[in-house]
Amino acid sequence: MELETKIYERGNSLSISKLIKSSLGDLYGSRFLARQLATRDIKSQYRQSLLGIVWAFIAPLSTAFVWIFLSSSGTVDLEDTGVPYPLYVFCGTLLWSTLLDSINMPLSNTNGAKGILSKINIPKEAIILSGLYKMLFNSSFKFILIVFFLFFYEVVPSWSLLLFPCTFLILIISGVSLGLLITPLGMLYTDVATFISYGLRFIMYVTPVVYVIPESGILKTIMEINPLTPLILVNRNVLLGLDFQFLTYFGILALVMIPVFLIALVIYRVSIPVIIERFSA
Amino acid sequence: MDREVLVKVEGLSKKFSKSLKKSLKYGVYDLLGNLRGKKSSDELRPDEFYALQDINFEVRRGECLGLIGHNGAGKSTLLKILNGLINPDHGKVTMRGRVGALIELGAGFNPIMTGRENIYNNGAVLGFSKEEIDRKVESIIDFAEIREFIDMPVQNYSSGMKVRLGFSVAAQMEPDILLIDEVLAVGDLGFVLKCFKQIDTILPNTALVFVSHSMPMVSRIATQILMLDSGKTKFIGSQVSQGIDLYYERFQTGNESNIVFDDGQIALDSVTLLNVENSLTDLPKLNWNSDFIIKIKFNTSSDNINFQFTLIISDKEQRPVASFLRNSSTQQLLIKKNKLELTLRHKNLQLSKGIYSISIAVRDIKTKQPIYRSNSCFNFQIINTDQVWEPMLLNAEYIVDNSSTI
């Protein structure tokens, strides 16, 4: 039997295509490890918690309730959304929380695995894949919740719901790519994670999460440029069976995000060992 | 017949930087340099040092390389490079076959999950597939001897149980190359012996790289020795005992004597060991089972010569091993012009191979009041071919007892 041979030397011919290939190979090869890590984290998280998965919804639902209250009490006057407002807000905040999770996931997961990474040679991609598994697990509950709201508000799901897995995947990939790109810096400076979480809180209000794009004004311009707008809008419209908006923008985004994701993976693969080496040496 | 070379290290060097910021900066430069296909330079940049420099060796299947050296010598760095965690700056490392690393036991353990669940976590981290773990889970539990507690959360385990479970998972790997870093130091003796037995079973099919500070362990399994000293090769070869002697010798430098009690009557001047082997270093070397003759000179200002001397031998871990009979009278003491000389002989000293130190205590022969004590004031080395765990290797004759009735 031919033995697998590994050669470690100073790489001086790192080609992008080779890196992408080995990165995707490791992503595929580490399925079992990733699943094991994900089940470990999910089980241990919920074994010590009474409410368990409910915590995943508390933040988005509380934001939603605030806005439902503001709107129904007449404190803020919001434009018509085309569906019952609570449904619109619930979808918006749940999708937004998934986007937040996918941006934060690479950094938080890599930090969590620092101990293992510095001692044992595991494929770095397993960390990302296990994070994706965890997100899909949480998202499935969010999806069930949304379906429940659809029935509750007697909105008949349209055929466009079938497109949801595809558009949702693009939402996650976009978030994860962004997260992957900030991870190397975020490993070095804890400020990065804090900055991102504060920054995104503001960005939520220039993204049509809890209200629709206004007819005119500066906010309209910003929202139309904001690349997060199509991610949230298209996903929500697919869920609620509303008219498609920003479809071209979304299409371009989807096309751009696939190469960006691959490059982000490569940057992650190459930079993490360098950082880990510095921390553990 | 020579078996295939599984680990091959050629001209390996690794630079580290003392400051984290510079280290990261250099890391980024090197990375960009790599991407542009630039060759790395040999020069050290400010704040850099060689953690490893020009290391060469190879390990074949069935061989065990004992990697020894003092703290900071670069052993762990070398293991990390072999394991692919750190990329070398120069040179080339070729690893053929599946690599198993006993570096961190129980990696991936989650304290609130049960032992059984953690076998899967740890196994996955170590690179097993699900089917492999399914197949081996029972033998892992048996090896760890914790069947009774296997469905209990690991946080309730004793530290020894955790180590046993971690080793058991790792020991079930059937690697072509196995890297072991100091992990056997924990656990009780029974389990350590069991681990050795397991290592013995896998060794014929494995190239083993073994890091330890325990020389008896190293001499037990190593077939060749690589001794590192500040990142450089100090010794490499298959003369295991020679390498171990060198390790002990290196241990001595900087081991200063300390006077723990002194009432001013007497002070140590010099200690000489007679009957020693020729040696290139300062450390006197004595063959096993040869006569131990030691000459000790003191300075004394006192007219009172009612001294009684105790000489204590300690091993390199400062555990007392033996003491010599005290002088019963002061007649054998030679006193001239404030100098006092004492010569002690012990026939056929049968200490086992290793480094020992002498502590000297002086007391009043009548009142037994302490006068002076100096700990580890003199070191010497016993040379022998056999390495044993125990501090004494007693001469033995095997005879036929004709009166026996069995």
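The values are calculated or read from the model by the stated rules, or taken from the named source; none is laboratory data. Bear in mind that the values here come from a model prediction, so they are computed numbers and not experimental data. Methodologically, a virtual Cβ is constructed for each residue, glycine included, from the backbone with ideal geometry; neighbour enumeration extends over all protein chains shown.
For the list (1) under 29 Å from A:Ser140 (Cβ atoms); (2) in a helix (DSSP H, G or I), I need the number of the one condition that A:Phe202 fails.
A:Phe202 satisfies all of (1) under 29 Å from A:Ser140 (Cβ atoms); (2) in a helix (DSSP H, G or I) except (1).
What are the pairs with Cβ atoms under 7 angstrom where one residue, in the range B:191-210, is among the hydroxyl-bearing types (Ser, Thr, Tyr) and the other, located anywhere, is crowded, with 18+ Cβ neighbours inside 10 Å and not in a helix (DSSP H, G or I)? Sequence gap at least six, or different chains.
Taking only residues 6 or more apart or on different chains, the pairs are B:Thr206/B:Arg61; B:Thr206/B:Pro175; B:Thr206/B:Asp176; B:Thr206/B:Ile177; B:Thr206/B:Leu178.
From the list B:Glu58, B:Glu63, exactly one residue is surrounded by fewer than 17 Cβ atoms within 10 Å (Cβ to Cβ), at pLDDT 90 or above, within 28 Å of the chain's Cα centre (by Cα) and closer than 30 Å to B:Glu249 by Cα. Which is it?
Numbers: B:Glu63 fails: surrounded by fewer than 17 Cβ atoms within 10 Å (Cβ to Cβ).
Answer to the selection: B:Glu58.
Mind counting the residues in the range B:261-272 that are surrounded by 18 or more Cβ atoms within 10 Å (Cβ to Cβ) and within 19 Å of B:Phe324 (Cα to Cα)?
2
Please go through the range B:172-183 and pick out each residue that is closer than 27 Å to B:Lys316 by Cα and without any contact (Cβ under 8 Å) to a residue 60 or more places away in the chain.
Once the filter is applied, which keeps residues that are closer than 27 Å to B:Lys316 by Cα and without any contact (Cβ under 8 Å) to a residue 60 or more places away in the chain, the range B:172-183 yields only B:Glu182.
Just to verify a result, which residue in the range A:254-265, among those that are surrounded by fewer than 21 Cβ atoms within 10 Å (Cβ to Cβ) and either away from chain B (no Cβ under 14 Å) or touching a helix residue (DSSP H, G or I) at 6+ places or on another chain (Cβ under 7 Å) (or both), is nearest to A:Thr81 (Cα to Cα)? Break it down into steps so the answer makes sense when it comes.
Taking the range A:254-265 first, the residues surrounded by fewer than 21 Cβ atoms within 10 Å (Cβ to Cβ) are A:254-256, A:258-263.
Of the ones still in play, those that are also either away from chain B (no Cβ under 14 Å) or touching a helix residue (DSSP H, G or I) at 6+ places or on another chain (Cβ under 7 Å) (or both) are A:254-256, A:258-262.
On the way: A:Ala254: 25, A:Leu255: 29, A:Val256: 29, A:Ile258: 31, A:Pro259: 34, A:Val260: 33, A:Phe261: 33, A:Leu262: 36 Å.
Applying the filter and picking the extreme gives A:Ala254.
Table: residues versus (1) out of contact with any helix residue (DSSP H, G or I) (no Cβ under 7 Å at 6 or more places or on another chain); (2) in contact (Cβ under 8 Å) with a residue 24 or more places away in the chain; (3) facing chain A (nearest Cβ under 7 Å); (4) under 21 Å from B:Leu12 (Cα atoms).
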| residue | (1), (2), (3), (4) |
| --- | --- |
| B:Gly74 | yes, yes, no, yes |
| B:Leu102 | no, yes, no, no |
| B:Leu105 | no, yes, no, no |
| B:Ile112 | no, yes, yes, no |
| B:Glu117 | yes, no, no, no |
| B:Tyr120 | no, no, yes, no |
| B:Gly123 | no, yes, no, no |
| B:Phe128 | yes, yes, no, no |
| B:Glu131 | yes, no, no, no |
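Filter the range A:187-199 down to residues that are under 25 Å from A:Val266 (Cα atoms) and at pLDDT 90 or above and give me whichever is surrounded by the most Cβ atoms within 10 Å (Cβ to Cβ).
Looking at the filtered set, the residue picked out is A:Ile196.
Could you list, in sequence order, all residues of the range A:32-48 that are more than 10 Å from every other protein chain (Cβ to nearest Cβ) and surrounded by fewer than 16 Cβ atoms within 10 Å (Cβ to Cβ)? Before the answer, list the steps.
Of all residues in the range A:32-48, those more than 10 Å from every other protein chain (Cβ to nearest Cβ) come to A:38, A:42, A:46.
Hit for the range A:32-48 is A:Tyr46, nothing else.
Which condition number does B:Leu349 fail, the rest of (1) part of a strand (DSSP E or B); (2) hydrophobic (A, V, I, L, M, F, W, C); (3) surrounded by 19 or more Cβ atoms within 10 Å (Cβ to Cβ) being met?
Just one mismatch for B:Leu349, condition (1).
Can you find, within the range A:267-281, the residue that is farthest from the other protein chains (Cβ to nearest Cβ) among those that are more than 22 Å from A:Leu171 (Cβ to Cβ) and hydrophobic (A, V, I, L, M, F, W, C)?
Restricting to residues being more than 22 Å from A:Leu171 (Cβ to Cβ) and hydrophobic (A, V, I, L, M, F, W, C), the top hit is A:Ile272.
Would you check if B:Ile146 is modelled with pLDDT of 90 or more, closer than 28 Å to A:Ala34 by Cβ and either touching a helix residue (DSSP H, G or I) at 6+ places or on another chain (Cβ under 8 Å) or outside the structural domain of B:Lys316 (by TED's automatic domain parsing) (or both)? Full working, then the answer.
On the way: modelled with pLDDT of 90 or more: no; closer than 28 Å to A:Ala34 by Cβ: yes; either touching a helix residue (DSSP H, G or I) at 6+ places or on another chain (Cβ under 8 Å) or outside the structural domain of B:Lys316 (by TED's automatic domain parsing) (or both): yes.
Judged against the criteria, B:Ile146 is not a match.
If we keep just the residues of the range B:277-320 that are farther than 20 Å from B:Ile383 by Cα and among the small types (Gly, Ala, Ser), which is surrounded by the fewest Cβ atoms within 10 Å (Cβ to Cβ)?
Within the range B:277-320, the match that is surrounded by the fewest Cβ atoms within 10 Å (Cβ to Cβ) is B:Ser301.
Which residue pairs have Cβ atoms under 9 Å apart, sit 6 or more places apart or on different chains, and have a first residue in the range A:150-171 that is of a type in the set (S, T, N, Q) and a second that is modelled with pLDDT under 85 and surrounded by 12 or more Cβ atoms within 10 Å (Cβ to Cβ)?
Listed by first residue and then by second, the contacts come to A:Ser158/A:Gly241; A:Ser158/A:Leu242; A:Ser160/A:Gly241; A:Ser160/A:Leu242; A:Ser160/A:Phe244.
Residues to consider are B:Gln155, B:Gln224, B:Gln242; find the one that is polar (S, T, N, Q), farther than 30 Å from B:Ser314 by Cα and at pLDDT 80 or above.
B:Gln155
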